[in-house]
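The numbers here are math on the coordinates, done by the rules we state, and not lab data. Because the structure is predicted, anything quoted here is derived from the model rather than measured. No Cβ is skipped: glycine too gets one built from the backbone with ideal geometry, and neighbour counts run over all protein chains shown.
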Amino acid sequence: MSRSRNRHGRRERGRRIGVRGALITGVVSLSVALAGCVGGSASGSDSGTADGAGGTQLHLVGYSTPKTANDAAEQAFAATDAGKGVTWQESYGASGDQSRAVAGGLAADYVNFSTPPDMTRLADAGIVNADWDSGPTKGIVNDTVVVMVVRPGNPQHITGWDDLVKPGIKIVTPNPSSSGSARWNILAAYQQVITSGGSKADAEAYLKKFFKNVQSLPTSGREATNAFLKGDADVLLSYENEAILARQSGEKLDYLVPSSTLLIETPGAVTKKANAKATDFLHYVLSPAGQAIYQQYGFRPVISDAEKVTVKGANDPNDPFPKPDHLSTVADMGGWPTVSKAFFDPDTGLVPKIQAETGKTQ
């Protein structure tokens with residue numbers, strides 16, 4: 001797959017498409033899949049430790065939405081020679097919060113965040129290697145896209161971005177100050193104006209209308225899903241995999257992939273002090289078998305030779321990952337260093353300014 005460097009030198013990854021193959025089974029119940037975001041807190045040394053039974057305990061710190069898929073991958077990894085005897089202590093939450101926690105001393109062997117800047121924070125702190133994004137997938141372990149989740153039957157007849165800014169439409173999306181999911185959502189909303197021929201001024205005007213219709217800004221992507229399910233909002237902006245998992249778990253909802261949306265590229269890495277088993281796990285995650293597991297839970301694959309799976313809960317289980325008419329990337333917008341400063345800098349960024357103007361800061 002093609003890769004390019006933006007002007008700040010950070011590598012950005014283009015689209016990856018092309019899959020083949022087999023079905024991995026297993027769906028968890030709603031109580032596990034959509035329950036609280038945070039698993040057991042990780043503590044102790046940075047590297048994996050003996051678990052008291054002759055095995056190795058690794059610490060995983062990650063953003064909230066891939067917990068179910070990660071659990072399945074951990075179980076499958078344990079059945080391999082490399083993963084024999086490996087157990088896990090996990091911590092899940094909003095991506096930015098989790099990254100800051102590791103930077104502050106939370107034990108971690110394998111880290112899995114929503115956005116590359118959350119990984120860059122740890123590279124800058126010397127916790128993960130500076131070349132974490134130098135491999136074949138540029139440090140990305142899973143792909144997904146921004147989708148719109150609506151009530152069963154789509155009673156508001158939402159078909160695309162223009163419908164979200166109509167008077168009276170109530171939107172749930174996570175808070176950009178804490179959630180990586182929210183940042184992807186906001187960038188998708190902005191960029192779709194540009195891809196349709198609009199100007200930066202048009203895109204900014206759209207975001208102002210968008211935020212005026214935001215009903216709530218939960219802390220994380222998972223909390224946003226729960227807020228939508230429990231509330232009366234009309235639409236939830238979410239990860240495609242999160243919508244699929246909710247349907248797998250028995251929730252009654254519909255979702256649509258907009259004709260113009262954004263490719264979400266989520267990174268994973270091992271820490272410098274990690275036990276070697278953590279590297280084995282990362283290799284498994286990026287293997288065809290590992291990617292098949294993540295697909296089964298709604299993630300798009302990041303390797304070209306990934307097995308094709310039937311995905312329960314997808315709009316079309318046999319063709320679960322449709323190609324949007326316009327699939328933008330952060331690279332198209334200048335790369336994460338540029339985007340982070342322009343959109344999310346707390347003092348000068350466009351999004352905090354619009355949130356303050358519209359009164360939608362929490």
Note to self: So if I take the alpha carbon set of the range 71-168, get Rg, then get Rh from the Kirkwood formula, what is the Rg over Rh ratio?
What the structure shows: 1.11
Margin query: What's the ranking of 132-138, 329-335 by average number of surrounding C-beta atoms within 10 Å, highest first?
Written below: 329-335, 132-138
Check: Which angle between 0 and 90 degrees, to the nearest 10, do you get for helix 221-230 versus the longest principal axis of the chain when only C-alpha atoms count?
Finding: 60
Margin query: Quick check: Cα centre of the range 81-160 to Cα centre of the range 173-244, how many Å?
Written below: 18
Note to self: Give me the percent relative contact order of the range 243-310, please, defined on Cα pairs under 8 angstrom at least 6 residues apart.
What the structure shows: 25
Notebook entry, point to check: What number in nm² do you get for the range 316-362 if you take the convex hull of its Cα atoms and divide its surface by four?
Noted result: 5.5
Notebook entry, point to check: Thr361 to His283: FRET efficiency via 1/(1 + (r/R0)^6), r the Cβ-Cβ distance, R0 45 Å, to the nearest 0.05?
Noted result: 0.60
Checklist line | Distance histogram for the range 229-362 (every C-alpha pair counted, 10 angstrom bins, percent rounded to whole numbers) | finding: 10, 28, 33, 24, 5
Next item on the list: Could you pull out the pairs from Lys84/Lys308; Lys138/Lys166; Lys138/Lys252; Lys170/Lys353; Lys312/Lys341 whose alpha carbons sit more than 32 Å apart here?
Entry: Lys138/Lys166; Lys138/Lys252; Lys312/Lys341
Notebook entry, point to check: Percentage of Cα-Cα pair distances in the range 195-303 greater than 20 Å, rounded to whole percent?
Noted result: 58
Margin query: Principal axis extents for the range 234-295, Cα atoms only, whole Å, descending order, please.
Written below: 46, 26, 21
Check: Where Rh is the Kirkwood radius over the Cα pairs of the range 119-214, the temperature 4 °C and the viscosity 1.567 mPa s, what D in µm²/s does Stokes-Einstein return?
Finding: 82
Note to self: Treating only the Cα positions of the chain as identical point scatterers, give the base-10 log of I(q)/I(0) from the Debye formula at each q in 0.07, 0.12, 0.15 Å⁻¹.
What the structure shows: -0.27, -0.84, -1.36
Item checked: 0 to 90° range, to nearest 10: angle between helix 180-195 axis and the chain longest Cα axis -> 40
